[in-house]
Amino acid sequence: MEKITIPLFFYLFLFKSISGADDCVPTSCSPTGPQVRFPFRIRGRQPSHCGFPGFDLSCNKRNRTILHLTSSRSYIVNRISYGAQIIYIDPEFCRPKRIGDFRLTGTPFDFSSVRSYNFYNCSLQKSTYMFPAVALPCLDSGNHSVIAVRTGLIPEGETPENCKDIATISVPIRWYGHIREELELMWFTPFCGPCEIEGRMCGLRNGNGETTCFGSPVGIQRNAKYGLSIGIGISILICILGIVCYTATKARDYGRSRHQNLDIFSITISPRPQSATGLDLSTIESYTKTVLGESCRLPKEDDACPICLADYKPREALRTIPECNHYFHVECIDEWLRLHATCPMCRNSPQKFIFG
């Protein structure tokens, strides 16, 4: 109880120094909802000077935190990272008639990356898809399932077997990621990173639109942190060296005692059987094969084969690993997959990403 009370009084004191009253105390729509503080504010609960323009939130009838986008719909807020300056929202793919583009025109938010996906409604009779696809079980019905496929992986105008086209939408994701259950919106203004790093609060200065840090830095001083880290590191290193020396001594003594009792003529060495861990030829040839055009453009910014390190050239044949969507020369990846059942870049097994 004491650990919870101390931060609460700290934030209360801090926001009194910012606003001159306790009306800017951090709040939330529910005990389990995200904490709302500058640059955000909850309309009707916190005055306008407690937040930054364009960062208004609200609470719905179910006490969920709601973000209103002027050029789009309203979305449920799952969490807020004030240090990273990212707000995580529910894309609401699972709600009927809510699949659509995400537009941020006129808002203070931005995407890290935008990627286009095709959504398909497919019969459950089709158990295997020969292309990377993302399942959305929350949209499944008794006889049909819904999948999302990156635009460009299926030729334009074509539809997967036993599937019907639903929509094509642009989804904000990380540049290295995939479509997920929540979307990330970033903001760059106001920039409160230094305040968060120092453990201080960010707020408006004298109502002129400029931001500043309030309160004293929380925690021990930087020099003390460095000294504490060095002391702990040296102690751990000494312990590790002691354990290594003790283990080596015990192993040497044990080896000497065993050597005295062993009959050298009774020792036989058997070669370790090798086991094939790669994929069969039919599985390898089922992975997508692409012939480069004159532009050598790929969906990913890959200029060279990660295996042989040679640059891609026009009319060269490439093969794609399912789901992770990594590209390689056909001859390079085929030889690799005969010996290994994992992608050479991410070490994931492509077999487990093909689903029904």
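Restricting attention to region 286-295, and to residues there that are closer than 20 Å to Ala133 by Cβ and touching a Leu at 6+ places or on another chain (Cβ under 9 Å), which single residue is surrounded by the most Cβ atoms within 10 Å (Cβ to Cβ)? If you could, list the steps in order and put the result at the bottom.
Of the residues in region 286-295, the ones closer than 20 Å to Ala133 by Cβ are 286-290.
Subset that is touching a Leu at 6+ places or on another chain (Cβ under 9 Å): 287-290.
Details: Tyr287: 20, Thr288: 15, Lys289: 11, Thr290: 15.
Checking each candidate, the answer is Tyr287.
Might you check whether a residue that is part of a helix (DSSP H, G or I) and at pLDDT below 75 occurs anywhere in region 213-223?
Checking region 213-223: at least one residue is part of a helix (DSSP H, G or I) and at pLDDT below 75.
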Glu196: passes all of (1) in a strand (DSSP E or B); (2) modelled with pLDDT of 80 or more but (1)
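Considering each of Thr320, Thr283 in turn, give the residue that is loosely packed, with under 15 Cβ neighbours inside 10 Å and modelled with pLDDT of 85 or more.
Numbers: Thr320 fails: loosely packed, with under 15 Cβ neighbours inside 10 Å.
The conditions single out Thr283.
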Checked region 303-317 for anything under 19 Å from Pro344 (Cα atoms) and either loosely packed, with under 15 Cβ neighbours inside 10 Å or touching a residue at least 60 places away in the same chain (Cβ under 8 Å) (or both); matches are Asp303, Ala304, Cys308, Leu309, Ala310, Asp311, Ala317
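The values are calculated or read from the model by the stated rules, or taken from the named source; none is laboratory data. Note that the structure is predicted; figures quoted are calculated from it, not measured. When we count neighbours, we look across all protein chains shown, and the Cβ atoms used for this are built from the backbone with ideal geometry, even at glycine.
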